[in-house]
Amino acid sequence: MNTILIRPGLDSLVSDVGDITARRLGPRRTAFAVGDLLRPRLVTLDLLTPQEREGAPDKYVSHVLHASDDFSIVAVVWRPGQGTVIHDHVSWCAFGVISGIEHETLYRDMGDHLVEIGQAANMPGEASGFAPPGDIHKVINVSDEVGVSVHVYGADVSRLGSSVRRVYDLPVR
């Protein structure tokens, strides 16, 4: 027997993101518009079940909540200290932090090495967006609590398998 999982607010989020993507604003403007849309909606963890919000002991976990040709909505759960490798993305992205503190380090690719160009501590209630090029980063949950964030990508991540375009193994100078 299949159980239908109710995710409060997801239907309206999908509809509102769809309205933004239908405007064909371009990648950067779309990412910022979706980030603005996410910001007031980050007050609840109801998009995930209690079990999903636990995460996993060995790495962060992504839950695809919606996927279509134009965009995907993914919830990411990070236990304290969990993070990503240095990577970039296949498309524009907007994200919002529900809990935890996502420490983000940004990089520029210099061909044979990376240069750190900035850092940000993304706190609960904060949202932003970015688009390639210029989206090389790594993210770590630096808080003592499980972090949950919502990411919206301008691609069908269920078909692609991931939002990551490339993982960087270059030295950082």
Check your understanding: Considering the range 86-131 alone, what residues qualify as being touching a Cys at 6+ places or on another chain (Cβ under 9 Å) and farther than 26 Å from E52 by Cβ?
Key -> A131
Practice item. Scan the range 75-86 and give yes if some residue there is closer than 22 Å to R41 by Cβ, buried (at least 20 other Cβ atoms within 10 Å of the Cβ) and not hydrophobic (A, V, I, L, M, F, W, C), otherwise no. Key: no
Review point. Looking at Q51, Q82, which is the one that is over 13 Å from L10 (Cβ atoms) and either among the small types (G, A, S) or touching a Lys or Arg at 6+ places or on another chain (Cβ under 8 Å) (or both)?
Key: Q82
Exercise for review: For residues that are in a loop (DSSP other than H, G, I, E, B) and not small (G, A, S), scanning just the range 117-130, find the one that is nearest to T21 (Cα to Cα).
Suggested key: E126
Practice item. Can you confirm whether the range 32-43 contains a residue that is over 27 Å from E145 (Cα atoms), at pLDDT 95 or above and outside any helix (DSSP H, G or I)? Key: no
Practice item. Return the only residue of T21, T49 being buried (at least 18 other Cβ atoms within 10 Å of the Cβ) and farther than 22 Å from I140 by Cβ. Key: T21
Review point. Which residues, taken from the range 115-160, are surrounded by fewer than 20 Cβ atoms within 10 Å (Cβ to Cβ), under 17 Å from P171 (Cα atoms) and hydrophobic (A, V, I, L, M, F, W, C)?
Key: V115, I117
Check your understanding: Restricting attention to the range 131-157, which residues are assigned to a strand (DSSP E or B) and of a type outside the set (A, V, I, L, M)?
Key -> H137, K138, N141, G147, S149, H151, Y153
Review point. Which residues, taken from the range 91-114, are farther than 18 Å from D169 by Cβ and aliphatic (A, V, I, L, M)?
Key: A94, V97, I98, I101
Point to revise | Positions within the range 37-73 being β-branched (V, I, T) and in contact with a helix residue (DSSP H, G or I) (Cβ under 6 Å, 6 or more places away or on another chain), in sequence order | key: V64
Check your understanding: What are the residue pairs meeting all of these: first residue in the range 12-41, first residue in contact (Cβ under 8 Å) with a residue 24 or more places away in the chain, second residue aromatic (F, W, Y), Cβ atoms under 6 Å, and 6 or more apart or on different chains?
Key -> V17/F71; T21/F71; P27/W92; T30/W92; A31/W92; A31/F130
Check your understanding: Of all residues in the range 8-43 being of a type in the set (A, V, I, L, M, F, W, C) and over 17 Å from the mean Cα position of the chain (by Cα), which is nearest to V152 (Cα to Cα)?
Key -> I20
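The values are calculated or read from the model by the stated rules, or taken from the named source; none is laboratory data. Source: prediction; values computed, not measured. Methodologically, a virtual Cβ is constructed for each residue, glycine included, from the backbone with ideal geometry; neighbour enumeration extends over all protein chains shown.
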